1. For 33, 84, give me the order by solvent-accessible area with a 1.4 Å probe, most accessible first, ignoring ligands, DNA and RNA.
2. Relative contact order for the chain: what percent, with Cα pairs under 8 Å and sequence separation of 6 or more?
3. Out of the stretch 310-359, which chymotrypsin sites (Phe, Trp or Tyr not before Pro) are coil in DSSP terms and have no more than 11 other C-beta atoms within 10 Å?
4. Mind grabbing the accessible area of residue 154 for me, 1.4 Å probe, Å², rounded to tens?
5. Any aspartates and glutamates with Cα under 14 Å of the residue 77 Cα? List them, leaving off those in the same chain fewer than 8 positions away.
6. State whether the stretch 95-234 is rounded, prolate or oblate according to the following rule on the C-alpha gyration tensor (a ≥ b ≥ c being the square roots of its eigenvalues): a/c under 1.5 gives rounded; otherwise a/b larger than b/c gives prolate, and the remaining case gives oblate.
7. At 0.36 nm per residue, minus the direct Cα-Cα distance, what do residue 53 and residue 320 gain on full extension? Give it in nm, one decimal, please.
8. Using only the Cα atoms of the chain, construct the convex hull and provide its projected area averaged over every direction, in square nanometres to one decimal.
Amino acid sequence: AARLFFDDLTEHLTAAGFIANPYDPCVMNKTIDGSQCTIAWHVDDIKISHKKQSVLEDVLSYLQERYGELSITRGTKHTFVGMDLEFKNGRVEIAMQSYLQEAIEAFPEEIAAKVASPASDHLYTVNKNGKRLPEDRRECFHHIVAKLLFVATRARPDLQPTISFLTSRCTVADEDDWKKLKRLLCYIKDTIDLKLTLRANASNIVMWWADAAFAVRDDFKSQSGRGMSLGTGMIQCKSHKQSTTENSSTTAELVSSSDALIMIIWTSNFLKAQGYPVEDTILFQDNMSAIKLEKNGRQSSGKRTRHLNIKHFFIKDRVDAGELNIKHCGTEDMVADYFTKPLQGEKFRRFRDLILGIKDIDSTDQIRSVL
């Protein structure tokens with residue numbers, strides 16, 4: 001049914017002069033009265049934007065002629081794909097408090113402890129002799145983690161490092177994992193009103209950060225982290241375990257940036273197709289050896305990196321083609337470090353506030369020097 005609706009809606013909008021973004025067929029655009037009208041949808045949840053309300057009403061009437069009476073919300077507040085969106089002062093706030101509250105209520109124990117961060121320093125530690133959860137508690141664990149994963153990838157990226165680990169434990173969860181989930185829920189209860197705030201500044205520069213924590217997982221694999229911003233808040237973030245075991249922090253960082261490259265290229269192409277004038281795409285990294293490999297390829301490869309697969313040097317081609325600009329970023333300013341390990345204290349709070357848009361990323365000294 002979803003595919004049939006997609007085909008029908010695409011055909012209907014194409015007949016009205018809308019053109020699909022070649023990098024996302026669920027986004028279509030048309031210039032009306034001198035401004036772009038954009039329609040984006042997920043299954044049958046549709047969002048329409050234009051500067052003029054009269055244009056929006058005309059588009060809605062056109063859709064209702066085909067699909068009958070629609071459930072419509074107008075104004076600055078909307079719910080789209082589970083996200084509560086509020087547009088104000090050139091920014092958009094994204095919240096999913098109801099999902100977080102459901103996760104808290106689904107946990108069968110009292111959530112009362114006060115914690116300062118989502119996870120303790122030993123998040124990645126796995127007790128090989130840990131007592132497995134009985135099946136009913138394991139299913140409860142799996143259900144809550146899945147719900148939190150849905151939220152973390154949309155409105156609460158500050159939860160991603162902890163969720164990245166917990167999702168890897170759903171089929172083998174033990175008592176330690178249960179305690180880690182409980183701590184995360186305690187943090188969520190104390191911060192349930194936090195929102196993700198996004199804003200694009202006037203520089204037209206797409207900024208990315210990529211980092212890796214070397215051999216921190218129990219099988220000695222590294223943890224990758226990345227994030228992207230246009231000025232305030234991180235629009236696209238990811239925290240994940242690397243699929244290969246690396247022999248140095250340099251190769252781990254190279255793998256992290258290589259894995260991020262697909263989204264880096266796609267994002268720039270998508271924005272350009274939407275009419276966003278991308279002036280530059282910058283990737284910030286804090287490992288100079290990795291940066292040399294990415295800029296020079298095999299020429300900068302030594303004894304400890306000569307084994308690397310050619311796919312990890314694809315990034316050099318993008319640099320040579322002028323599609324990507326790699327810049328060094330000091331470790332203390334590497335925001336993507338947040339997604340590689342459970343940070344604590346002042347550094348945790350500082351990076352979290354930048355990621356969630358509580359503070360503007362482009363107001364930092366590091367970014368002001370670039371812009």
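The values are calculated or read from the model by the stated rules, or taken from the named source; none is laboratory data. Bear in mind that the values here come from a model prediction, so they are computed numbers and not experimental data. Note that we place each Cβ from the backbone using ideal geometry, even for glycine, and neighbour counts take in every protein chain shown. Please note that ligands, DNA and RNA were not included when accessible areas were found on the heavy atoms of the full protein model with its side chains. Shrake-Rupley method; radii C 1.70, N 1.55, O 1.52, S 1.80 Å.
1. 33, 84
2. After rounding, I find 15 percent.
3. When the chymotrypsin sites (Phe, Trp or Tyr not before Pro) of the stretch 310-359 are filtered for loop state and at most 11 Cβ neighbours within 10 Å, nothing remains.
4. 80 Å²
5. Output for residue 77: 86, 93.
6. Oblate, because a/c is 1.5 or more while a/b does not exceed b/c.
7. Length gained between residue 53 and residue 320: 91.7 nm.
8. Working: hull surface 83.2 nm².
Result: a mean projected hull area of 20.8 nm².
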